[in-house]
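S.K.: Here it is: the structure, laid out below.
The values are calculated or read from the model by the stated rules, or taken from the named source; none is laboratory data. What you are looking at is a predicted structure, and each value in this text was computed from that prediction instead of being measured. With ideal geometry, Cβ positions are generated from the backbone for all residues, glycine too; neighbour counts draw on all protein chains shown. Calculation scope for accessible area: heavy atoms of the full protein, side chains included, ligands and nucleic acids excluded. Shrake-Rupley method; radii C 1.70, N 1.55, O 1.52, S 1.80 Å.
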Amino acid sequence: IYQVSLADILGKEEFSSINFNFKSLKIFNNECFTKFHGLTLTRDKICSLIKKWHTLIEVEVNFKTKDGYFLKLFLIAQSKKPKNMKSKTVYINSSQKRALRRRITDIIIKEGINMDIKDFIHRIYSLKIYEKIEINCSKIFPIHQVNIRKIKVVENSTL
(Lines give C-alpha, C1' and ligand atoms only; values in the text may rest on other atoms or scores of the structure.)
Protein backbone atom coordinates (compact mmCIF):
# COMPACT_ATOMS: atom_id res chain seq x y z
CA ILE A 1 0.00 0.00 0.00
CA TYR A 2 1.37 3.38 -1.04
CA GLN A 3 0.48 6.67 0.62
CA VAL A 4 0.59 9.85 -1.48
CA SER A 5 -0.32 13.40 -0.50
CA LEU A 6 -2.92 15.16 -2.63
CA ALA A 7 -0.60 18.18 -2.71
CA ASP A 8 2.00 16.04 -4.52
CA ILE A 9 -0.58 14.86 -7.05
CA LEU A 10 -2.14 18.27 -7.81
CA GLY A 11 0.81 20.53 -7.03
CA LYS A 12 -1.32 22.71 -4.73
CA GLU A 13 -0.06 23.24 -1.19
CA GLU A 14 -3.53 23.75 0.36
CA PHE A 15 -4.25 20.01 -0.09
CA SER A 16 -1.20 18.84 1.88
CA SER A 17 -3.39 17.53 4.71
CA ILE A 18 -5.11 14.90 2.53
CA ASN A 19 -3.35 11.58 1.93
CA PHE A 20 -4.47 8.96 -0.58
CA ASN A 21 -3.75 5.25 -0.14
CA PHE A 22 -3.25 3.15 -3.24
CA LYS A 23 -2.92 -0.63 -3.38
CA SER A 24 -0.51 -2.15 -5.85
CA LEU A 25 -2.14 -4.61 -8.26
CA LYS A 26 0.80 -5.59 -10.43
CA ILE A 27 4.16 -4.34 -11.63
CA PHE A 28 4.90 -4.63 -15.33
CA ASN A 29 7.85 -3.07 -17.26
CA ASN A 30 8.73 -0.52 -14.52
CA GLU A 31 5.07 0.51 -14.25
CA CYS A 32 3.04 -0.07 -11.10
CA PHE A 33 -0.70 -0.48 -11.57
CA THR A 34 -2.62 0.67 -8.51
CA LYS A 35 -6.17 0.84 -7.21
CA PHE A 36 -7.73 3.31 -4.77
CA HIS A 37 -7.55 1.90 -1.24
CA GLY A 38 -8.52 4.82 1.02
CA LEU A 39 -8.10 8.43 2.06
CA THR A 40 -6.96 9.93 5.37
CA LEU A 41 -6.67 13.37 6.86
CA THR A 42 -3.37 14.10 8.60
CA ARG A 43 -3.22 14.21 12.38
CA ASP A 44 -2.18 17.86 12.55
CA LYS A 45 -5.22 18.86 10.46
CA ILE A 46 -7.58 16.86 12.70
CA CYS A 47 -6.06 18.43 15.81
CA SER A 48 -6.43 21.92 14.32
CA LEU A 49 -10.18 21.33 13.87
CA ILE A 50 -10.76 20.80 17.59
CA LYS A 51 -11.62 24.04 19.40
CA LYS A 52 -12.88 24.97 22.83
CA TRP A 53 -16.49 26.07 23.26
CA HIS A 54 -17.61 24.38 20.03
CA THR A 55 -19.30 21.05 19.34
CA LEU A 56 -17.53 18.52 17.15
CA ILE A 57 -19.84 16.39 14.99
CA GLU A 58 -18.58 13.05 13.70
CA VAL A 59 -20.52 11.08 11.09
CA GLU A 60 -19.95 7.57 9.76
CA VAL A 61 -21.53 6.67 6.41
CA ASN A 62 -21.53 3.33 4.57
CA PHE A 63 -22.47 3.28 0.88
CA LYS A 64 -21.76 1.58 -2.42
CA THR A 65 -20.62 3.57 -5.45
CA LYS A 66 -21.94 3.10 -8.97
CA ASP A 67 -18.91 1.05 -10.03
CA GLY A 68 -19.11 -1.42 -7.11
CA TYR A 69 -16.84 0.00 -4.39
CA PHE A 70 -18.28 -0.35 -0.88
CA LEU A 71 -16.94 2.59 1.14
CA LYS A 72 -16.99 3.56 4.78
CA LEU A 73 -16.65 7.33 5.10
CA PHE A 74 -15.88 9.23 8.32
CA LEU A 75 -16.74 12.92 8.28
CA ILE A 76 -15.99 15.60 10.88
CA ALA A 77 -17.61 19.05 11.23
CA GLN A 78 -17.73 21.82 13.79
CA SER A 79 -20.48 24.07 15.07
CA LYS A 80 -20.41 27.66 13.92
CA LYS A 81 -21.55 30.65 15.93
CA PRO A 82 -24.77 32.16 14.51
CA LYS A 83 -24.71 35.91 13.90
CA ASN A 84 -27.37 36.68 16.50
CA MET A 85 -25.78 34.56 19.27
CA LYS A 86 -24.12 36.40 22.15
CA SER A 87 -22.97 33.56 24.38
CA LYS A 88 -19.39 32.32 24.39
CA THR A 89 -20.27 28.67 23.86
CA VAL A 90 -21.59 27.21 20.62
CA TYR A 91 -22.89 23.84 21.76
CA ILE A 92 -25.41 21.78 19.79
CA ASN A 93 -28.26 19.82 21.40
CA SER A 94 -28.23 16.05 20.97
CA SER A 95 -31.42 16.18 18.89
CA GLN A 96 -29.79 18.73 16.56
CA LYS A 97 -26.70 16.49 16.34
CA ARG A 98 -28.86 13.53 15.30
CA ALA A 99 -30.66 15.67 12.71
CA LEU A 100 -27.32 16.94 11.34
CA ARG A 101 -25.91 13.41 11.14
CA ARG A 102 -29.04 12.24 9.32
CA ARG A 103 -28.88 15.13 6.85
CA ILE A 104 -25.14 14.64 6.19
CA THR A 105 -25.66 10.89 5.71
CA ASP A 106 -28.45 11.51 3.20
CA ILE A 107 -26.29 13.98 1.23
CA ILE A 108 -23.26 11.66 1.10
CA ILE A 109 -25.33 8.62 0.10
CA LYS A 110 -27.20 10.58 -2.58
CA GLU A 111 -23.90 11.85 -4.01
CA GLY A 112 -22.01 8.55 -3.72
CA ILE A 113 -24.58 6.16 -5.15
CA ASN A 114 -24.87 8.09 -8.42
CA MET A 115 -21.10 8.38 -9.05
CA ASP A 116 -18.23 6.04 -9.69
CA ILE A 117 -15.20 6.17 -7.38
CA LYS A 118 -13.19 8.49 -9.64
CA ASP A 119 -15.94 11.13 -9.83
CA PHE A 120 -16.65 10.88 -6.10
CA ILE A 121 -12.99 11.45 -5.17
CA HIS A 122 -12.82 14.35 -7.63
CA ARG A 123 -15.91 15.84 -5.98
CA ILE A 124 -14.26 15.54 -2.56
CA TYR A 125 -11.09 17.43 -3.41
CA SER A 126 -12.98 20.02 -5.47
CA LEU A 127 -14.67 20.93 -2.12
CA LYS A 128 -18.16 21.04 -3.69
CA ILE A 129 -19.53 18.34 -1.42
CA TYR A 130 -18.40 20.26 1.69
CA GLU A 131 -20.18 23.42 0.53
CA LYS A 132 -23.36 21.46 -0.16
CA ILE A 133 -23.26 19.94 3.34
CA GLU A 134 -22.70 23.33 5.00
CA ILE A 135 -25.58 24.96 3.09
CA ASN A 136 -28.07 22.13 3.69
CA CYS A 137 -27.20 21.73 7.38
CA SER A 138 -27.34 25.46 8.17
CA LYS A 139 -31.13 25.15 8.39
CA ILE A 140 -30.73 22.93 11.48
CA PHE A 141 -27.63 24.57 13.01
CA PRO A 142 -24.77 26.39 11.26
CA ILE A 143 -21.66 24.26 10.82
CA HIS A 144 -18.29 24.89 9.22
CA GLN A 145 -14.92 23.23 8.72
CA VAL A 146 -16.51 20.13 7.22
CA ASN A 147 -13.83 17.58 6.33
CA ILE A 148 -13.73 13.93 5.42
CA ARG A 149 -11.46 12.43 8.05
CA LYS A 150 -11.11 9.00 6.49
CA ILE A 151 -12.41 6.81 3.70
CA LYS A 152 -11.98 3.05 3.96
CA VAL A 153 -12.55 0.69 1.07
CA VAL A 154 -14.51 -2.16 2.63
CA GLU A 155 -15.10 -4.06 -0.60
CA ASN A 156 -13.36 -3.49 -3.93
CA SER A 157 -15.12 -3.27 -7.23
CA THR A 158 -15.45 -6.48 -9.20
CA LEU A 159 -15.20 -4.62 -12.50
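S.K.: I want to confirm something. Restricting to region 27-40 and keeping residues that are under 20 Å from I117 (Cα atoms) and in contact with a Phe, Trp or Tyr (Cβ under 9 Å, 6 or more places away or on another chain), which single residue is surrounded by the fewest Cβ atoms within 10 Å (Cβ to Cβ)?
M.R.: Top of the filtered list is C32.
S.K.: Output the residues belonging to region 12-26 that are open to solvent by 70 Å² or more (accessible area, probe 1.4 Å) and more than 19 Å from N156 (Cα to Cα).
M.R.: Of region 12-26, the ones open to solvent by 70 Å² or more (accessible area, probe 1.4 Å) are 12-14, 23, 25-26.
Matches in region 12-26: K12, E13, E14.
S.K.: Let me ask you something else. Would you mind telling me which numbered condition in (1) buried (at least 18 other Cβ atoms within 10 Å of the Cβ); (2) at pLDDT 85 or above L6 fails?
M.R.: (2)
So that you can scan it fast, the table gives a plain yes or no per residue for (1) of a type in the set (A, V, I, L, M, F, W, C); (2) out of contact with any Asp or Glu (no Cβ under 7 Å at 6 or more places or on another chain):
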{"position": "Y2", "(1), (2)": "no, yes"}
{"position": "L10", "(1), (2)": "yes, yes"}
{"position": "K26", "(1), (2)": "no, yes"}
{"position": "T42", "(1), (2)": "no, yes"}
{"position": "S48", "(1), (2)": "no, yes"}
{"position": "H54", "(1), (2)": "no, yes"}
{"position": "T65", "(1), (2)": "no, no"}
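S.K.: Evaluate the following for I108: is it open to solvent by less than 30 Å² (accessible area, probe 1.4 Å), under 15 Å from the mean Cα position of the chain (by Cα) and either within 17 Å of E60 (Cβ to Cβ) or at pLDDT 85 or above (or both)? If you could, list the steps in order and put the result at the bottom.
M.R.: On the way: open to solvent by less than 30 Å² (accessible area, probe 1.4 Å): yes; under 15 Å from the mean Cα position of the chain (by Cα): yes; either within 17 Å of E60 (Cβ to Cβ) or at pLDDT 85 or above (or both): yes.
It is true that I108 is open to solvent by less than 30 Å² (accessible area, probe 1.4 Å), under 15 Å from the mean Cα position of the chain (by Cα) and either within 17 Å of E60 (Cβ to Cβ) or at pLDDT 85 or above (or both).
S.K.: Say we look at region 111-159 and pick out the residues that are among the small types (G, A, S) and open to solvent by less than 50 Å² (accessible area, probe 1.4 Å); which of these is farthest from the chain's Cα centre (by Cα)? Steps first, answer last, please.
M.R.: The initial filter retains those residues of region 111-159 that are among the small types (G, A, S), namely 112, 126, 138, 157.
Imposing the further condition that a residue be open to solvent by less than 50 Å² (accessible area, probe 1.4 Å) reduces the set to 112, 126, 157.
On the way: G112: 12, S126: 12, S157: 20 Å.
Across region 111-159, the extreme among qualifying residues is S157.
S.K.: For region 2-56, name all the residues that are of a type outside the set (F, W, Y) and in contact with a helix residue (DSSP H, G or I) (Cβ under 6 Å, 6 or more places away or on another chain).
M.R.: Initial filter on region 2-56 (of a type outside the set (F, W, Y)): 3-14, 16-19, 21, 23-27, 29-32, 34-35, 37-52, 54-56.
Of everything in region 2-56, those that are of a type outside the set (F, W, Y) and in contact with a helix residue (DSSP H, G or I) (Cβ under 6 Å, 6 or more places away or on another chain) turn out to be L6, A7, E13, S16, S17, I18.
S.K.: Hey, among the residues in region 42-71 that are part of a strand (DSSP E or B) and open to solvent by 60 Å² or more (accessible area, probe 1.4 Å), which one's nearest to V154 (Cα to Cα)?
M.R.: Among those that are part of a strand (DSSP E or B) and open to solvent by 60 Å² or more (accessible area, probe 1.4 Å), it is F70.
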